[in-house]
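A short write-up of the structure that comes next.
The values are calculated or read from the model by the stated rules, or taken from the named source; none is laboratory data. Because the structure is predicted, anything quoted here is derived from the model rather than measured. Backbone-built Cβ (ideal geometry, glycine too); neighbour counts: all protein chains shown. For the accessible areas, the whole protein counts, side chains as well, though only heavy atoms, and no ligand, DNA or RNA atoms are used. Shrake-Rupley method; radii C 1.70, N 1.55, O 1.52, S 1.80 Å.
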Amino acid sequence: MVDFKEFTRKMDKTLEVLQDDFGAVRAGRANARVLDHITVPYYGTDTPIGQVGTISSPDARTLMIQPWDTSLLKPIEKALQMSDLGINPQNDGRVIRLIFPQLTEERRKELTKQVRTYGENSKVAIRNIRRDAMDYIKNLKKKSEITEDDQKKAEKDLQELTDKYIKKVDDACAVKNKELMEI
């Protein structure tokens with residue numbers, strides 16, 4: 001019997017990465033995860049915004065960043081302006097506020113394309129994992145560790161596992177697209 005634990009773990013990791021990517025897609029609501037990839041220079045090192053201050057969400061459309069060191073207000077503001085968020089930060093001398101506007105229809109369609117791209121990338125990763133597992137199965141057969149019948153059954157099981165994960169990716173994309181298209 002062929003053990004697919006390692007390949008299943010890799011497919012699970014692919015789904016986790018997809019969810020992380022989706023977290024960075026702005027869906028009209030304030031979500032601190034959109035700031036995960038934005039860094040500021042802090043003592044000579046590019047540091048994620050979440051590690052130099054407190055990020056809170058006082059309401060559904062606002063994020064508030066309160067740096068522990070107020071000298072970071074200007075660098076954080078600059079980093080946010082340079083990012084792909086498309087939101088102008090408001091600096092009041094103590095905190096920076098990001099107010100998320102309603103998404104336009106055009107922006108929603110752009111974001112659904114981005115979600116589709118993330119989904120396709122995840123499917124490619126899952127298919128690559130399947131290819132590696134197929135090579136593993138063929139190698140076991142070549143070494144005579146499994147019979148030809150076991151090989152056929154393992155390949156069938158692997159395809160079912162792959163189809164299950166591809167469906168999970170499709171479902172996750174559908175949920176994210178539905179969230180994006182809500183008004």
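Side notes on the structure shown:
- Evaluated against (1) open to solvent by 70 Å² or more (accessible area, probe 1.4 Å); (2) of a type in the set (Ser, Thr, Tyr); (3) part of a strand (DSSP E or B), Ser71 falls short on exactly one condition, (3).
- Glu160 vs. criteria within 17 Å of Lys5 (Cβ to Cβ), free of Cβ contacts under 8 Å to residues at least 60 places away in the same chain, assigned to a helix (DSSP H, G or I) and open to solvent by 70 Å² or more (accessible area, probe 1.4 Å): yes
- Here the condition is being within 19 Å of Leu18 (Cβ to Cβ) and touching a Cys at 6+ places or on another chain (Cβ under 7 Å); of Val169, Val115, it holds for Val115 alone.
Per-residue answers, yes or no, for (1) β-branched (Val, Ile, Thr); (2) in contact with a Gly (Cβ under 7 Å, 6 or more places away or on another chain); (3) open to solvent by 100 Å² or more (accessible area, probe 1.4 Å):
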| position | (1), (2), (3) |
| --- | --- |
| Val95 | yes, no, no |
| Leu98 | no, no, no |
| Asp135 | no, no, no |
| Tyr165 | no, no, no |
| Cys173 | no, yes, no |
| Glu182 | no, no, no |
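- Checking Asn128, Asn177, Asn88, Asn121 one by one, the residue that is in a helix (DSSP H, G or I) and either open to solvent by 70 Å² or more (accessible area, probe 1.4 Å) or of a type in the set (Lys, Arg) (or both) is Asn121 and no other.
- Residue within segment 102-112 that is among the hydrophobic types (A, V, I, L, M, F, W, C), closer than 30 Å to Lys10 by Cβ, open to solvent by less than 80 Å² (accessible area, probe 1.4 Å) and touching a residue at least 40 places away in the same chain (Cβ under 8 Å) present: yes
- Residue match in segment 29-47 (condition: in contact (Cβ under 8 Å) with a residue 24 or more places away in the chain, out of contact with any Leu (no Cβ under 8 Å at 6 or more places or on another chain), among the hydroxyl-bearing types (Ser, Thr, Tyr) and surrounded by 13 or more Cβ atoms within 10 Å (Cβ to Cβ)): yes
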